[in-house]
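Throughout, read-outs are computed from the coordinates displayed, never taken from laboratory work. Everything numeric in this text was worked out from a predicted model, so none of it was measured. Every residue, glycine as well, gets a Cβ built from its backbone with ideal geometry; the counts of neighbours run over all protein chains shown.
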Amino acid sequence: MMNENCIFCKIAQGSLPAQIAWSDDHFLAFHDIHPKAPLHVLVIPKMHISQLSDLTAQDSTWLGEYMLAINKAAKRLNLNHYKVQFNNGIESGQEIFHLHAHLLQYLA
Ligand code: AMP
Ligand code: ZN
C-alpha cells in the first residue's frame, strides 16, 4: 500500500531519487538528505505506515523483520556503535509521516 502524497513512498518506489544504502523486498535504507550526524541513514518499511503510534498487534508479524532490516543496513555500512531513533508526532519533531528509523553514528 502506497500513499501518493508521501515522499518516502516515492523513494521506496524509485520515483524519487535517494542515496540508497541497503534494501530488500520489504525495507529500504537511504541517507538522510540533511544529516544530523556524521552518518545518518533512514530505514523504512516500503509499505506506507504514518507513524509508530499507528502500529497494532497485526503489525507484530513483520516488526521483527524491521529490526533485522535495521541491523542489516547497519552491517552494510560497517557500523557497530550507533543510535536508533523514532520520532512520533509533530511535537516530537516528526516531519515525514511515513514510519522511519533514524540510524545515527556520531563517531565518524
Ligand atoms: P523526522 O523529523 O523524524 O520526520 O525525519 C525526517 C527526516 O527525513 C529528516 O531528517 C529529513 O532531513 C529527512 N528527509 C526529508 N526529505 C528527504 C529526502 N527526500 N531524502 C532523504 N531524507 C529526507
Ligand atoms: Zn509513505
Which one is farthest from ligand 2 (Cβ to nearest atom) among residues in segment 50-60 that are assigned to a loop (DSSP other than H, G, I, E, B) and surrounded by fewer than 18 Cβ atoms within 10 Å (Cβ to Cβ)?
THR56
Which one is nearest to ligand 1 (Cβ to nearest atom), of the residues in segment 47-69 that are among the small types (Gly, Ala, Ser) and under 16 Å from GLU95 (Cα atoms)?
SER50
For segment 5-46, give me each residue that is in contact with a strand residue (DSSP E or B) (Cβ under 7 Å, 6 or more places away or on another chain), near ligand 1 (Cβ under 8 Å from one of its atoms) and of a type in the set (A, V, I, L, M, F, W, C).
PHE8, ILE11, ALA18, PHE30, LEU42
Selected residue [in contact with a Phe, Trp or Tyr (Cβ under 9 Å, 6 or more places away or on another chain), surrounded by 13 or more Cβ atoms within 10 Å (Cβ to Cβ) and in a loop (DSSP other than H, G, I, E, B)] from ALA29, ALA37:
ALA37
Under 7 Å between Cβ atoms, at least 6 apart or on separate chains: pull out the pairs that start in segment 85-100 with a residue that is under 22 Å from LYS46 (Cβ atoms) and free of Cβ contacts under 8 Å to residues at least 40 places away in the same chain and end on any residue that is of a type in the set (Ser, Thr, Tyr) and surrounded by fewer than 17 Cβ atoms within 10 Å (Cβ to Cβ).
ASN88/SER53
Please name all residue pairs, on different chains or six or more residues apart, with Cβ atoms under 6 Å, provided the first residue is in segment 1-23 and is within 13 Å of ligand 2 (Cβ to nearest atom) and the second residue is of a type in the set (Lys, Arg) and not in a loop (DSSP other than H, G, I, E, B).
LEU16/LYS10
Residue selected from segment 70-96 under the condition within 15 Å of ligand 1 (Cβ to nearest atom) and outside any loop (DSSP other than H, G, I, E, B), by the criterion farthest from PHE30 (Cα to Cα):
GLU91
Tally of residues being surrounded by fewer than 14 Cβ atoms within 10 Å (Cβ to Cβ) and either closer than 11 Å to LEU39 by Cβ or in contact with a Gly (Cβ under 9 Å, 6 or more places away or on another chain) (or both) across segment 69-80:
1
Would you mention how many residues in segment 6-26 are assigned to a loop (DSSP other than H, G, I, E, B) and farther than 10 Å from HIS98 by Cβ?
9
